[in-house]
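The values are calculated or read from the model by the stated rules, or taken from the named source; none is laboratory data. Remember, it's a predicted structure, so these values are computed and weren't measured experimentally. Here the Cβ is made from the backbone with ideal geometry for all residues, glycine too, and neighbour counts use every protein chain on show. Note: areas computed on protein heavy atoms with side chains; ligands, DNA, RNA excluded. Shrake-Rupley method; radii C 1.70, N 1.55, O 1.52, S 1.80 Å.
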Amino acid sequence: MYYRKEIDGLRAIAVMPVIFFHAGFSSFGGGYIGVDIFFVISGYLITSILLKEMEHNKFSLQNFYERRARRILPALSAVLIVTTITAYCLMPAELLKSYSQSVVSVVTFSSNIFFYLTNGYFSTASDEKPLLHTWSLAVEEQYYLFFPIFISALWFKGKKYLCTLIFIMTIISLFIAQYLAMNNSVDANFYLILSRAWELFVGSLIAFLKPISISDKRMQNELGGIAGLFLIIYSIVTFSNETPFPSFYTLAPVLGTGLIIRFSHAQTYVGRFLGNKLFVSIGLISYSLYLWHQPIFAFLRLKTVGEPQQIWFYLAVLLTFVLAITSYFYIEKPFRNKSAYSKKIIFQLSGISISLFFFLGMLGHVGNGFEGRLPDNKFTDSIIFSPKREACHTQGSSFLKPSAACRYFRKDVKWASFGDSHVVEATYALAKKLEKNNLGILHLSFSACPPALLFEVNVEGCSEWIKQSLVYLENNKSITNVLLGFRYSEFLFGGQQHKFPELPNISPENRIKVEQKGQSSAELRELYWSSFYAIVQRLINSGKTVHLLYPIPELPLHVNKAISPFSIFSDESMLDLVNSTSIDYYMRRNEFIINKLNSLAYGDKLYPIKPHERLCRNGYCSIIRNGNALYFDDNHLSLSGAALLIDDIPKINSKS
């Protein structure tokens, strides 16, 4: 197979948007499609090599895996060494344990499955996971394990048969991706090979096609390459985190890459553009660039309060290039030299590397993240969420029906909670208070669900649950008091961590169903309030006393990070644990909803619960009070925080 420098240039087009996207550069909202470009390139190159070897009767599975080991493992091992040492020095025990598990998944070629299984509601923020990017390596490695065996086993059937079979598998995989996207199975769709294989297969199908002559069909070649480049650039500029992915949308970058591979060559405009020295040079180090960028960005974010300033990302990108160039010349190239490292040595070193990191990863897992590395933290034991959270906090289309919802701790249920995850710990703390008066509580909470009574949201099951729960409360005459609360500003304006100390201002338009799209952000926020207000009025009209929970103060970082020392070499925490978030920030962050809540007529049937008055002092909100952590992440109260919140709620000692 002859060398095509435009493909190395295409690798540069793939890797740079990924790096800029992960750095948070706003012009690269769809930069993640670089991974899809890599998939198509890999499918094309691997299949081209396999077909050539099969045609000349030179295929060897051992030689194939030797080439993959030379290409993948040396640089990956270097990154794992540096990343593991850094993680040991900087990560608190809980995060180091999770990191250790990810190391095991990397060397067992299953990190895509690991991140799919662990990328849940309470997992470490994705952009703070140093090895998150290895999910794509795992997808390719799984492809490498399957595809050469598939080709060699069915070669006797002929190329036409193989091509047809791969085309069928491509269509099946694409429709699996679209099905998962339509059913909001975001993590499974993103990480697993079943919904990603079609991208590699597209590259494989191109390899089966007869090569286009450089001298023939010049216009077709020019137009094909230009169309392909346009599709890639269009995807990078217009796609965002909200674009269902992978799905039919992914056809744009995948077919764009395919068109370039198929039609562009050294004599076409796009081929010459991609074949320039700068692009080719970046393409040659693209693997190392990809490997190094995520750990650098992850540790930068991990040890910064809020999102790092852009200057730090410029420096991080520069460091990525320095390390990538070093890796390429001193690790990648030497290990590809067969005269320097024989096949036997490559396999021996690969086995040692995999075994070593598997052992270290298991050691970190079994050792619970080596807790003894850091000074004893007396606050850790109080970072506790409700014991009822797992059983009683519902989500999804098969949600827990209101009639089957949890009731605790007494049978005489006069109280109910109603809202999203921000009422869970408050419900438990309230139930403990009510227990003293022999009263129980009905627990109604739905994960990430806004008060969607008058609108539909893209949270499966949420709107229907709101309606059913409200009707159930209205019809349940024994319940006289309702604790009502949501994480208002997160839905209305976006999460706080990536912008702190600036305020996020993300429109809620991508969180709602199609019917309300086209309305302005201000109109959608008014619709949200109208829906919330309607819930309050219906509860009051049905004879309930509503205890209305104002916004809970949010932290600029996860509580585990906040209370942990910066590193094993220091006992200073990253944040002032007493004066953590200013009330001024809290008021600005929640200005819209606080103004709305303040406009309500409070009285015997409507009481306000204002967390900032109970959790904040002297102009600041605390992470720690009386030796206990008040949060268990960056926005949910711990049981200690919830106990402070519900203290002295009106009517809590009443039997009615």
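Quick look at the numbers
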quantity: Residue that is touching a residue at least 24 places away in the same chain (Cβ under 8 Å), under 25 Å from Asp604 (Cα atoms) and open to solvent by 20 Å² or more (accessible area, probe 1.4 Å), where the choices are Asn458, Asn437, Asn481; calculated: Asn437
quantity: Residue satisfying all of: in the range 219-250; assigned to a helix (DSSP H, G or I), touching a Ser or Thr at 6+ places or on another chain (Cβ under 8 Å) and not hydrophobic (A, V, I, L, M, F, W, C); surrounded by the fewest Cβ atoms within 10 Å (Cβ to Cβ) among these; calculated: Glu222
quantity: Residue selected from the range 503-548 under the condition basic (Lys, Arg), open to solvent by 70 Å² or more (accessible area, probe 1.4 Å) and under 16 Å from Phe491 (Cα atoms), by the criterion modelled with the lowest pLDDT; calculated: Lys517
quantity: Helices (runs of 4 or more DSSP H) contained entirely in the range 557-602, each with at least 1 residues that are more than 18 Å from Asp376 (Cα to Cα); calculated: 583-589, 591-598
quantity: Enumeration of residues in the range 307-360 that are under 30 Å from Asn63 (Cβ atoms) and either in contact with a strand residue (DSSP E or B) (Cβ under 8 Å, 6 or more places away or on another chain) or of a type in the set (Ser, Thr, Tyr) (or both); calculated: Thr326, Ser327, Tyr328, Tyr330, Ser339, Tyr341, Ser342, Ser350, Ser353, Ser355
quantity: Every pair of residues 6+ apart whose Cβ atoms lie under 8 Å, when the first sits in the range 233-255 and is closer than 23 Å to Ile506 by Cβ while the second is open to solvent by 50 Å² or more (accessible area, probe 1.4 Å) and among the small types (Gly, Ala, Ser); calculated: Val237/Ser27
quantity: Odd one out for Val482 among (1) over 17 Å from the mean Cα position of the chain (by Cα); (2) within 18 Å of Arg588 (Cα to Cα); calculated: (2)
quantity: Answer residue from the range 171-185, given it is among the small types (Gly, Ala, Ser) and closer than 23 Å to Leu205 by Cα and is surrounded by the fewest Cβ atoms within 10 Å (Cβ to Cβ) among those; calculated: Ser173
quantity: Check on Arg625, more than 19 Å from His558 (Cβ to Cβ), among the charged types (D, E, K, R) and either out of contact with any Cys (no Cβ under 9 Å at 6 or more places or on another chain) or modelled with pLDDT under 95 (or both); calculated: no
quantity: Condition check for Ile466: in contact (Cβ under 8 Å) with a residue 24 or more places away in the chain, open to solvent by less than 10 Å² (accessible area, probe 1.4 Å), over 22 Å from Phe632 (Cβ atoms) and hydrophobic (A, V, I, L, M, F, W, C); calculated: yes
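Yes or no, residue by residue, for (1) farther than 30 Å from Leu454 by Cα; (2) touching a residue at least 40 places away in the same chain (Cβ under 8 Å); (3) hydrophobic (A, V, I, L, M, F, W, C):
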site: Leu503; (1), (2), (3): no, yes, yes
site: Trp529; (1), (2), (3): no, yes, yes
site: Thr545; (1), (2), (3): no, yes, no
site: Glu554; (1), (2), (3): no, yes, no
site: Ile583; (1), (2), (3): yes, no, yes
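For (1) part of a helix (DSSP H, G or I); (2) open to solvent by less than 30 Å² (accessible area, probe 1.4 Å); (3) basic (Lys, Arg); (4) under 19 Å from Ile260 (Cα atoms), each residue gets a yes or a no:
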| position | (1), (2), (3), (4) |
| --- | --- |
| Tyr3 | no, no, no, yes |
| Glu6 | yes, yes, no, yes |
| Leu10 | yes, yes, no, yes |
| Pro17 | yes, yes, no, yes |
| Phe20 | yes, no, no, no |
| Ser42 | yes, yes, no, yes |
| Ile46 | yes, yes, no, yes |
| Lys52 | yes, no, yes, no |
| Asn57 | no, no, no, no |
